[in-house]
């Protein structure tokens with residue numbers, strides 16, 4: 001039922017997606033990064049204003065759904081409609097979190113906008129760099145950023161919508177995906193961002209942004225779920 005109803009709320013989306021070149025997984029890259037993680041975190045933090053992405057997805061909730069119609073639904077129905085609509089798509093995914101959790105996540109992200117997250121693949125992993133701006137996390141391949149911060153292209157964008165926080169107590173999240181990552185990998189990245197920007201695990205985010213000399217990549221990797 002939710003799948004059929006979702007079609008009534010969704011809109012056809014047309015946007016140009018900047019293609020980013022794929023990278024193979026090099027497990028040894030983590031060791032190289034770990035050797036100088038403090039200094040590198042400091043350089044990333046200092047250079048954050050140089051990061052410039054093209055945006056591969058819709059920036060407003062009205063571009064995705066009939067918001068006045070959706071807002072008439074009950075909270076549980078909105079969550080079902082939102083997730084069901086995105087379950088049918090390969091280029092995006094959707095999830096929901098409590099409104100107060102979204103408010104807290106955005107407040108923390110404004111103070112600590114950048115972070116690194118692993119993507120596990122083929123027995124190894126590579127690192128993604130995320131930056132929060134304008135209610136959206138933009139994710140790029142860390143090695144691309146190191147080569148050219150201003151030219152690094154997005155692998156995914158994770159948009160946060162608080163349009164229904166006051167009226168329904170519900171935060172909507174949508175991730176738009178490029179071909180460089182699978183939908184399952186982006187789903188993990190979304191869950192990791194929610195996890196590490198939550199009150200019980202935000203010490204890694206704070207260290208990376210505010211005290212880079214204390215940032216411990218090995219500990220982050222140990223505490224990062226792989227599924």
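Against the condition out of contact with any helix residue (DSSP H, G or I) (no Cβ under 8 Å at 6 or more places or on another chain) and either over 28 Å from residue 216 (Cβ atoms) or touching a residue at least 24 places away in the same chain (Cβ under 8 Å) (or both), how does residue 159 come out, does it pass? For residue 159, the condition - out of contact with any helix residue (DSSP H, G or I) (no Cβ under 8 Å at 6 or more places or on another chain) and either over 28 Å from residue 216 (Cβ atoms) or touching a residue at least 24 places away in the same chain (Cβ under 8 Å) (or both) - is met. The set of residues from segment 158-188 being out of contact with any strand residue (DSSP E or B) (no Cβ under 8 Å at 6 or more places or on another chain) and in a helix (DSSP H, G or I) comprises 166, 167, 168, 184. It is to be established whether one or more residues within segment 143-151 are closer than 16 Å to residue 175 by Cβ, touching a residue at least 12 places away in the same chain (Cβ under 8 Å) and crowded, with 17+ Cβ neighbours inside 10 Å. The answer is no; no qualifying residue exists. Tell me, which residue of segment 174-188 that is under 15 Å from residue 97 (Cα atoms) and buried (at least 22 other Cβ atoms within 10 Å of the Cβ) is nearest to the chain's Cα centre (by Cα)? The selected residue is 175. Scanning segment 196-227 for residues that are under 15 Å from the mean Cα position of the chain (by Cα) and modelled with pLDDT of 95 or more gives 196, 197, 205.
The values are calculated or read from the model by the stated rules, or taken from the named source; none is laboratory data. Being a predicted model, the structure only gives us computed values, none of them experimental. Because the Cβ atoms are built from the backbone with ideal geometry, glycine has one as well, and the counts that use them run over all protein chains shown.
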